[in-house]
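Colleague: Okay, handing you the structure first.
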Amino acid sequence: MAEVEQKIDDTRQTSNRKRKFFRSRISVYARAVVVNLLLYTAVYLCAYLLKFERWESFKGLFWNSLLWVLAIKMFVLYARRSYCDIGYYATIRELSAIIADSAVAFAGIVIFFAVGHTFKFFDFRIRIPLSVLVLDMLLSIVVRGGGRLVKRFYYEAIIPTFETDSEDEPVFLVGANSRGAHIANIINSQRNVGLRVVGFLTIHDYKVRMKVGGLPVVAKIDNFVPVAKKAKVETILFVAGSQPGKIFRMLYEKCDENGLRLQVIPQVEFYPDTKIPIRDVNVNDLLKRDPIQLDDEQIHALITGRRVIVTGAGGSIGSEICRQMMRFEPKELFILGRGENRIFFLERELRLLNKNTKITPIIADVADERRMDEVFAQTRPEIVFHAAAHKHVPLMEANIPEAIRNNIYGTKVVADCADKYGAEKFVMVSTDKAVNPSSVMGCSKQMAERYVNALAARSKTKFIVTRFGNVLGSNGSVVPIFKKQIENGGPITITDRRMTRYFMTIPEASQLVLDAAAIGKGGEIFVLDMGDPVSIMELAKDLIRLSGLPEYAIEIQEIGVRPGEKLYEELYFETEARIPTTQQKLFAAEHRQFDLDEVQSQIDELLSMMTGPHEAIRNRLRDFVPEYRSTILPEKKDKEK
C-alpha cells in the first residue's frame, strides 16, 4: 500500500514539475521562438510559390537566403519586443504593431542584402527578387493578423456558444461603445464568471435600440429601471471613470432606490483570459466630479534616478507620495517621520514595490534643527516633499504651541535645510484651511506658506506649495470616523447639516503633489480643481447605504460646529487669481509677495511666546494674518485665560 501511495505521489510531483516547466518564462519564450520560426518559414515559402511556378526554379535561392531572412526577422521581433506577443486579442494597436514589425523586417532584409552585395559580405549570388520580399511582408501581416482574428473569434463566438451557463446572472453594462463591447465580450466568453452581459445602457438617445458588438443597447441610464425589471436584471456594471461623477451618482441612487446592485469594473486593459476584478461601489466612486488623472511624463523626468526625501512619510499623504514614486524609480528614497512603527512598515511595503530604489528610513523630528541639518548634510536630497504637519483642527486649538512648533517652525527648518544644501525643488503640502483661516491649524499653515514663498524669492531652490481639500480615507478624516460609528450601530455625528467640504482621494492628492513638483518653477501655490464641494450630510447617508443599510437604520446627530471649524471651505483668497497651468485640472494661485525678513521676525516672535498664554498667541496670529477669524467660543477663551 505504501509503495502504491509513493508511486502516486511521484507521479503527481512529476506532473507538477512538467506543468511548472511549461508555464515557465523560458518554456514560453522557447515555444514562441519555434512558432515564429515555423510561421516565417512557411510565409517565405508561400511568397516564392506565388512568384514562381516550379520548386526547381527557386529552391536554391530559397535555401541559401532562408537563414539570413529568418535571422533578420527574429532580430526585429526581439528588438521590438514582439517575439513573445501572446496576441490574445485582435485590436487596432496589435494590427499596427504587426504592420510595423513586417515593414521594419522588410527594410532590414533589403538593406542587409544590398550592403552584402556591395561589400561582398557573403555569397553575392543571392539576389532575392523585390516582389518576393513584398509578398513576404504582406503575407506576414495577413497571417499574423489573421491568426489573432481567428483567436478573437474563438473567444467571442465559439466558446460562448458551447460554454455559456444557463444559470449565469444577466447584467447590463453602462457604455455602448467599443470599450464596453470589449469588456462585455470578455465577460461573456469566460467560464465560471457567473455573469452574462445581455445589453448596454447609454447616455445617448440615438444609440437606444442599436447594437454594439452584437448586443442591444436597451435603454438610457436615466430610464433603465423598467427594462431591467422586465429582463430580470438585478446587477448593473459600470467601468470606473467612464462617465462624469454626477452621472455615476445618479446611477447609484437609482439602483439604490429600486433594489438593484451597482458594481464597478476598474479602468484598466483586459484580455480574454483576464479575470475581470468586479467590485462593489466605494465612497471614492461617489465624488461629484470626474476622477483626476495627472501627467506622468514630467514626473518621470523629475524623479527617476534622483535622491528624494519625504517628511511626514508615515502619514496618509506622505506614505502615498512614496508609493506613487516607486513606479518612477528614484535612485534613493529617504522616508522621514517621528513614528517608528509607521516608518518600519512603510519601508517593508516600499521594498516590495520596487527593488531598484534604495529605501532609507529616518526617524527624526522636523522641528529639531540640529537633527534636520545632520540629516540633510548626510543625504543631500535633490527633491524634498514636506508633508509633516499637525492637521487636526480641534486638537491644535487645544495645543497651540505645538501647532506653532511643528507646522510653522518645522516647515522653516526643513525649507532652510533644502536651501542650505542645494536641493533642486522643495514641495510643501498645504491645505484649504490656510485660506481665510478660522483655526490655529489653518493659520499655522498660512504662516508656513508665507515663509516658503518668501524664501523662494531669495533661493536657488525652487520652492512650491500645493493646496488641496480634505482627503477621503486619510488618517483621522471623516470617512473612517463615520464607518466606525456605523459599525457600532450609530449614531453618526455631524457638526452641522449645512457643512460642505472639498474632497479628493489619497492617490489624487499624491499625484497633485508630484505633478506640481514636476511643472513648478518656484514661488507658486498650486491648487487642484476638485469640482463642487460635497455635503457632509449626503456623505454620511452614502456611507450608510454602502454599508448595506437603509438610511433610517443609523441615526445622524447634529452636534454643532467645533472650535476652529468652518461651514464652508475655500481654496483661494479673494485677492488670489486662478491661473491655468499646462495641466487641465491644476491651477496656480496668484498670491501676494511677502518679505522674508518680516516673516522671519513674526515666526521668531511666535516662538518666543510658546510658553505663554494660548490666547496671547492667538491674538498675535490674528495680527499677522488679518483674514484669521477665530471660531473659539467665549467660554473656551475664558478657560484658556
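The values are calculated or read from the model by the stated rules, or taken from the named source; none is laboratory data. Please read these numbers as outputs of a predicted model, since none were measured by experiment. Ideal geometry is used to build each Cβ from the backbone, glycine not excepted, and the neighbour counts take in all protein chains shown. For the accessible areas, the whole protein counts, side chains as well, though only heavy atoms, and no ligand, DNA or RNA atoms are used. Shrake-Rupley method; radii C 1.70, N 1.55, O 1.52, S 1.80 Å.
Colleague: On full extension of the chain, what length is gained from Asp623 through Asp368, given 0.36 nm per residue of separation minus the C-alpha to C-alpha distance?
Modeller: So the chain would gain 89.1 nm between Asp623 and Asp368.
Colleague: Going through the range 40-77, which trypsin sites (Lys or Arg not before Pro) have at most 10 other Cβ atoms within 10 Å and a DSSP loop state?
Modeller: Arg54
Colleague: Treat each spin label as a single point 7 Å out from the Cα along the C-beta direction, and report the Arg327 to Leu353 distance in nm.
Modeller: Label at Arg327, label at Leu353, 1.0 nm between them.
Colleague: Just to verify a number: what accessible area does Glu524 come out at with the full protein assembly present, 1.4 Å probe, Å² rounded to tens?
Modeller: 40 Å²
Colleague: Now for a separate question. Note down the nm distance, to one decimal, between modelled labels 7 Å out along Cα→Cβ at Val142 and at Ile111.
Modeller: With each label point 7 Å from Cα toward Cβ, the separation is 2.8 nm.
Colleague: Hey, with R₀ at 22 Å, roughly what FRET efficiency would Thr41 and Ala79 work out to, going by the Cβ-Cβ distance, to 0.05?
Modeller: 0.65
Colleague: Moving to a separate point now. Determine how large the accessible area of Asp368 is when every protein chain is in place; take a 1.4 Å probe and give Å² rounded to the nearest 10.
Modeller: Its accessible surface works out to 70 Å², give or take rounding.
Colleague: While we're here: Quick one: how many Å² of Tyr451 are accessible to a 1.4 Å probe, rounded to 10?
Modeller: Accessible surface of Tyr451 is approximately 10 Å².
Colleague: Here's something else I'd like to know. Per residue, how many Å² of accessible area does the range 408-490 show with a 1.4 Å probe?
Modeller: 27 Å²
Colleague: Let me ask you something else. Quick check: pseudo-label points 7 Å beyond the Cα along Cα→Cβ at Arg261 and Glu605, how many nm apart are they?
Modeller: Simple spin-label model gives 6.3 nm for this pair.
Colleague: Taking a threshold of 22 Å on the Cα-Cα distance, which of the pairs Lys445/Lys541; Lys445/Lys484; Lys232/Lys541; Lys254/Lys541; Lys331/Lys425; Lys391/Lys420 fall above it?
Modeller: Check vs 22 Å cut-off fails for Lys445/Lys541; Lys445/Lys484; Lys232/Lys541; Lys391/Lys420.
Colleague: Report the extension gain between Ser178 and Lys420 in nm, rounded to one decimal, defined as 0.36 nm multiplied by the number of residues separating them, less their alpha carbon distance.
Modeller: 81.6 nm
Colleague: Just by accessible area at a 1.4 angstrom probe, what is the order of Ile317, Ile309 from largest to smallest?
Modeller: Ile317, Ile309
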